[in-house]
Amino acid sequence: MLQITPTIAIDESELTEEFVRATGPGGQNVNKVSTAVQLRFDAVHSPSLPDDVRARLIRLAGQRITEDGVLLIIAKRHRTQVQNRADARAQLSELILKATVRPKLRRKTKPTLASQQQRVERKQRRGAIKRTRRSAASDE
């Protein structure tokens, strides 16, 4: 059981792990041992996620989510399967935790009358400064 919040927990049966060979430096270890982890989580059909969290998770996942709604996390930072497995689960829980935060609603506001007047006055002052810089010949 992967505990995300007190109310959200993901069952192990919902997670699929596949071990593949990692790319990058590591010597012969890279060519012999499958240390990278591909963690798959079916976000669209998961009974563990509330609908609002699911929608935000899909939006946050971006390129990591497939057309079928499966979230794919690849962890290959470390040189051992155990560390990469823990890293992949940590990435998943961090992403779901971000999805639980409701975005603040934006309230439309209007500029105050005083701020509008200040803006116009600043523009007029600036225009006056530029007018004084003109040469007498260009005014004609």
query = Can you give me the relative contact order of the chain as a percent, contacts being Cα pairs under 8 Å and 6 or more apart?
reply = 21
ask   = So who's got an amide H within less than 5 Å of the one on residue 15, skipping anything under 5 residues away but keeping other chains? H placed 1.01 Å off N, in plane.
value = none
ask   = Once amide H atoms are built 1.01 Å from N in the peptide plane, which residues 5 or more positions from residue 4, or in another chain, come under 5 Å H to H?
value = 9, 10
task = Across the chain, how many lysine pairs, 8 or more positions apart or on different chains, have C-alpha atoms separated by under 28 Å? Please give the number.
result = 5
query = Tell me, what ³J(HN,Hα) does each residue in the stretch 113-129 have, in order and in whole Hz, if you take phi through Karplus 6.51 cos²θ - 1.76 cosθ + 1.60 with θ = phi - 60° and put x for Gly and Pro?
reply = 4, 4, 5, 5, 5, 4, 4, 5, 4, 4, 5, 5, 4, 5, x, 5, 4
key: Neighbour-count ranking [beta-carbon atoms within 10 angstrom, fewest first] of 14, 67   = 67, 14
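Just so you know, all these numbers are worked out from the coordinates, no wet-lab data involved. Small disclaimer: the values here were computed from a predicted structure and weren't measured. Quick reminder, even Gly has a Cβ in these numbers, built from the backbone with ideal geometry, and neighbours come from all protein chains shown.
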